Structures are given as C-alpha cells and as structure tokens.
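Below is one structure; the comments refer to it alone.
The values are calculated or read from the model by the stated rules, or taken from the named source; none is laboratory data. Computed from a prediction, not measured in an experiment: that's the story for all the values here. Here the Cβ is made from the backbone with ideal geometry for all residues, glycine too, and neighbour counts use every protein chain on show. Calculation scope for accessible area: heavy atoms of the full protein, side chains included, ligands and nucleic acids excluded. Shrake-Rupley method; radii C 1.70, N 1.55, O 1.52, S 1.80 Å.
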Amino acid sequence: MRDRIDQIVQNLNKTIVGKEEPIRLVLVALLSGGHVLLEDVPGVGKTLLAKSLARCIDGKFQRVQCTPDLLPSDVTGTNIWNPSSGAFQFMPGPVFANILLTDEINRATPRTQSALLEVMEEHQVTLDGVSRPVPDPFFVIATQNPVEYQGTFPLPEAQMDRFALSLSLGYPSADEELKMLQNLSQGVKPADLQSCITLEEMHSLQQQCRQVNVDTAVQQYMISLVRSTREHDDVALGVSPRGTVALYRAVQALAFLEGRDYVLPDDVKFLASSVLAHRVIASGGHKSAPIIAQLLDTVAVL
C-alpha cells in the first residue's frame, strides 16, 4: 500500500508541477475521509488536480460549475416522470461520483450550497423521503476565488466547517512554470495516467489511517490548541468540536502518509493552519491564519 501511495504522488506530479505540499495536503484530506476547499485564483491547476486524482484511484469524476441560477436538484438529482413505466424515475446528479469538483462554490446561492451539506456529512442524498448513498469513497474538492467577491454568496460557518482542510495551490515559481511549458510537448493529460489503486483499496487505506496511534499527550495538545481559539481576544467564533475531530483524523492520515503508525506533535503543527484557520472567525479586522500561527508559538506541547 505504501508503494501505491507513492505511485499516486508520482502520477500527480506528472500533471501538476511543483505542488508537492498541496498534493500532500489533498491526499491527507482524502485519506482522512474529509473534503478540501481550494481558495485560489483561476488557472493554477485546481481542475487538473481533481481530474488527475480521480484517474489515479480509478474513480468517477464529476464537475459542477456553480452559478447563481444553479438549483439544488442540478447537484443532487431529481425525479423525472417516465411515461413508459408510468412511474417517477430518479435521475442522479453529479454528486454521485467518487471525486466531485465544485467549482466556484461561493457563486451558488445559499439554497444550493446547503444541498451539499447532507451529502458531504452523511454521504447520502435524500429526495422525497428516500435516501440514496453516494459512491464510496466520496471526496469533494470545492474551489472559490479569494479575490473576486462580486456576485458571490459567502459560505456560512456551517458550510466551512464541513471541509476538513482549506488550502491554496498558489502561483508556480519561475523554474516550475518553465518546466510546465516544457512538459506541454510531452502531452501528459489526466486521461493518460495509469490508475494505481482501486476504490476498494482506497477505502481500506482510509480505514487503516484510523488505526494510527495518537498518544494521550498529543490529544491533549490538540485540545489545548483548539480551546485556545475559543478564548482568544481577537476571535469571535472559535473552532467547533467537529474541527477537533477533523484535526485528529488529519494528523492520523498524515502520519500514515509518512509511513508511521503514530502521530507526532509536529504533525499537528504542520496541519493546524490548514485544518483550523478556515473554522475561525476573527474579529476587529484580524486574519485567522496569523492567529493560528501565534497559538502554535504559545500553546505548549504537554
């Protein structure tokens, strides 16, 4: 299984140049059973990353381009009358996939955004009293532009809390952008990648991640870090208990990704900003990421 994970990383590096750390964080989110929010400007490879990941795990990929006129049924599916059978027939929406890319999620209306809440948390869609499970594994990669806010609907706290990690791919360096241009002649596309793990094996990996040992001292350190966000003077709303669980699952996945069966405090420090910052609502014009960085310097490891 370790070889399979290495193959996934190698495959992703063929299409995504110079993004080793973001790729690592996306894999942490996938292995932990969570979802990821990519806050980045257009054109940095978010869609390419999602397509390549789906190809690596031999999963079904679907993409939703969010717009203000997008309806909840456009995402989850709807019942359509079938004249031949004389009954309603369910037409599944794009959420019935293994990798779902929700592009520019903050351009969808709150009603449509809320349609994702149940499927992200419960991995099922309920329509007309009937619950239908989505494929397993089910992984949502949502994107939003952190610069352009005209015509957008900011995600509420309840929606942000559903994402295990929030991160940014960022612009490539000059050398990485040069390599990207040189790779164009080779024509490596997501469809050209070879799948290196089955969906059943990925589900097994997710279960194995949950067996990684987290020492009591590390657990107490995580709790101290989370609780300090709720007591900080510059924080209006701190991290929820769901955030504590997300951090716990994420550090287990990171340790597993690094080939360890135990978690280190450094794992918590590495993931704290990606897991906690988007869950913190700062007050007085402050930013949440510097607050998390400050807490990492002040909260002691027991």
Notebook entry, point to check: From the residues in the range 134-190 that are among the β-branched types (Val, Ile, Thr) and surrounded by 12 or more Cβ atoms within 10 Å (Cβ to Cβ), which one is farthest from Pro110 (Cα to Cα)?
Noted result: Val188
Check: From Thr216, Thr229, which residue is out of contact with any Ser or Thr (no Cβ under 6 Å at 6 or more places or on another chain), touching a residue at least 40 places away in the same chain (Cβ under 8 Å) and among the β-branched types (Val, Ile, Thr)?
Finding: Thr229
Note to self: Looking at the range 74-90, I want the residues that are within 21 Å of Gln62 (Cα to Cα) and of a type outside the set (Asp, Glu) and have a partner that is open to solvent by 40 Å² or more (accessible area, probe 1.4 Å) and in a loop (DSSP other than H, G, I, E, B) with Cβ atoms under 7 Å, at least 6 apart or on another chain. Which pairs are those?
What the structure shows: Asn79/Asp128
Next item on the list: Taking Glu122 as the residue in question, decide whether it is open to solvent by 20 Å² or more (accessible area, probe 1.4 Å), of a type in the set (Asp, Glu) and modelled with pLDDT of 90 or more.
Entry: no
Note to self: Taking the criterion of being in contact with a His (Cβ under 7 Å, 6 or more places away or on another chain) and within 27 Å of Ala158 (Cα to Cα), would at least one residue in the range 15-30 satisfy it?
What the structure shows: yes
Check: In the range 72-106, which residues are within 21 Å of Lys46 (Cβ to Cβ) and open to solvent by 40 Å² or more (accessible area, probe 1.4 Å)?
Finding: Asp74, Glu104
Note to self: Please go through the range 255-289 and give me each residue that is among the small types (Gly, Ala, Ser), free of Cβ contacts under 8 Å to residues at least 24 places away in the same chain and farther than 14 Å from Val226 by Cβ, ordered by number.
What the structure shows: Gly285, Ala289
Check: Is there any pair linking a residue in the range 1-17 that is closer than 14 Å to Ala191 by Cα and acidic (Asp, Glu) to one that is open to solvent by 60 Å² or more (accessible area, probe 1.4 Å) and outside any loop (DSSP other than H, G, I, E, B), with Cβ under 9 Å and at least six apart or on different chains, and which?
Finding: none
Check: Looking at the range 148-172, which of the residues that are among the small types (Gly, Ala, Ser) and under 18 Å from Leu48 (Cα atoms) is modelled with the lowest pLDDT?
Finding: Gly170
Notebook entry, point to check: Only one of these conditions is not met by Arg227: (1) modelled with pLDDT of 90 or more; (2) open to solvent by 90 Å² or more (accessible area, probe 1.4 Å); (3) over 19 Å from Leu295 (Cβ atoms). Which number is it?
Noted result: (3)
Margin query: Just to be sure before I move on: is Val280 of a type in the set (Val, Ile, Thr), buried (at least 18 other Cβ atoms within 10 Å of the Cβ) and more than 22 Å from the chain's Cα centre (by Cα) in the structure I sent?
Written below: no
Note to self: When the residues of the range 1-26 are narrowed to those that are assigned to a loop (DSSP other than H, G, I, E, B) and in contact with a Leu (Cβ under 7 Å, 6 or more places away or on another chain), which ends up farthest from Cys56 (Cα to Cα)?
What the structure shows: Lys19
Next item on the list: Filter the range 57-87 down to the residues that are among the β-branched types (Val, Ile, Thr) and part of a loop (DSSP other than H, G, I, E, B), then identify the one that is nearest to Phe153 (Cα to Cα).
Entry: Thr67
Check: Pick from Ala29, Ala54: which is assigned to a helix (DSSP H, G or I), among the small types (Gly, Ala, Ser), in contact (Cβ under 8 Å) with a residue 60 or more places away in the chain and over 28 Å from Leu184 (Cβ atoms)?
Finding: Ala29
Next item on the list: Please state which of the following conditions Ala236 fails to meet, knowing it meets all the rest: (1) free of Cβ contacts under 8 Å to residues at least 60 places away in the same chain; (2) surrounded by fewer than 14 Cβ atoms within 10 Å (Cβ to Cβ); (3) part of a helix (DSSP H, G or I).
Entry: (3)
Notebook entry, point to check: Does Ser195 satisfy being touching a strand residue (DSSP E or B) at 6+ places or on another chain (Cβ under 9 Å) and not hydrophobic (A, V, I, L, M, F, W, C)?
Noted result: no
